[in-house]
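The values are calculated or read from the model by the stated rules, or taken from the named source; none is laboratory data. Please read all numbers here as calculations on a predicted model, not as lab measurements. Each accessible area value is taken on the protein alone, full model and side chains, heavy atoms only, with ligands, DNA and RNA left out. Shrake-Rupley method; radii C 1.70, N 1.55, O 1.52, S 1.80 Å.
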Amino acid sequence: MLGRTRAAVLASLRHPATTTETADRVGISLPSASQHTTVLRNAGLITTTRTGTAVLHTLTPLSTALLRNDSATR
């Protein structure tokens, strides 16, 4: 489920971001960022809050724990 790009998207959301900001942080297209955030949201790893036309993606406690464990093993 977590390939290299999707893992990078997840890690980039340590600081909440819009889809556009996420695409810029990871260096991927906006449609690709949208697709990756959809998969991560469906997996329960991020939450998405809509404000007007923008959406803000935030890590869930589960993904925060996963990222913390990943950092500890490096």
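Nearest 500 deg cm²/dmol is fine: what mean residue ellipticity at 222 nm does the chain get from its DSSP H runs of n ≥ 4 alone, each adding -39,500 (n - 2.57), divided by its residue count?
-17000 deg cm²/dmol
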Completion exercise
Excluding ligands, DNA and RNA, the carbon-plus-sulfur percentage of the accessible area of the chain with a 1.4 Å probe reads 55
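Sorted by accessible area with a 1.4 angstrom probe, largest first, how do V55, V39 fall?
V39, V55
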